[in-house]
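Q: Here it is: the structure, laid out below.
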Amino acid sequence: MASIATNRATYTSALIAFTRSYRFDGVDIDSEYPAVADRGGGPEDSANFVLLMREFKAAFGGKYGLSVTYPPAFGTYNTAMSRP
């Protein structure tokens, strides 16, 4: 989903509508090992995740909070979230 700009935009719009509809003050994204191959991920997933979070932040415009939960295992964290 995050690898295609139009998919990210569609998801972002839907997330804002959902947040507004239920009167939430923000969202929490739980990203568990997005780039780990044995979970269906690939090296490009880290960069795509960063793009998605940047687009969320820009679209929220300070109106909604954004928090992200990363995996607790340090070795897997380095593999999953290494920056491009």
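Q: If I ask for residues that are surrounded by 13 or more Cβ atoms within 10 Å (Cβ to Cβ), not polar (S, T, N, Q) and not in a loop (DSSP other than H, G, I, E, B), which ones from the range 1-29 would you list?
A: Scanning the range 1-29 gives ARG8, TYR11, LEU15, ILE16, VAL27, ILE29.
Q: Applying the selection to the range 30-53, what residues are surrounded by fewer than 16 Cβ atoms within 10 Å (Cβ to Cβ), among the acidic types (Asp, Glu) and touching a residue at least 12 places away in the same chain (Cβ under 8 Å)?
A: Answer for the range 30-53, where residues must be surrounded by fewer than 16 Cβ atoms within 10 Å (Cβ to Cβ), among the acidic types (Asp, Glu) and touching a residue at least 12 places away in the same chain (Cβ under 8 Å): ASP30, GLU32, GLU44.
Q: For the range 30-37, state whether one or more residues are modelled with pLDDT under 95 and in contact with a strand residue (DSSP E or B) (Cβ under 7 Å, 6 or more places away or on another chain).
A: Scanning the range 30-37, I find at least one residue that is modelled with pLDDT under 95 and in contact with a strand residue (DSSP E or B) (Cβ under 7 Å, 6 or more places away or on another chain), so the answer is yes.
Q: With the requirement that a residue be in a helix (DSSP H, G or I) and within 16 Å of PRO71 (Cα to Cα), what does the range 30-52 give you? Please lay out each step first, then the result.
A: To start, the set of residues in the range 30-52 that are in a helix (DSSP H, G or I) comprises 37-39, 44-52.
Residues satisfying the conditions are ALA37, ASP38, ARG39, ASP45, SER46, PHE49, VAL50.
Q: Further, regarding this structure: Mind listing whichever residues of the range 58-67 are surrounded by 14 or more Cβ atoms within 10 Å (Cβ to Cβ) and assigned to a helix (DSSP H, G or I)?
A: ALA59, PHE60
The values are calculated or read from the model by the stated rules, or taken from the named source; none is laboratory data. Remember, it's a predicted structure, so these values are computed and weren't measured experimentally. Cβ coordinates were reconstructed from backbone atoms using ideal geometry, including for glycine residues, and neighbour counts include every protein chain displayed.
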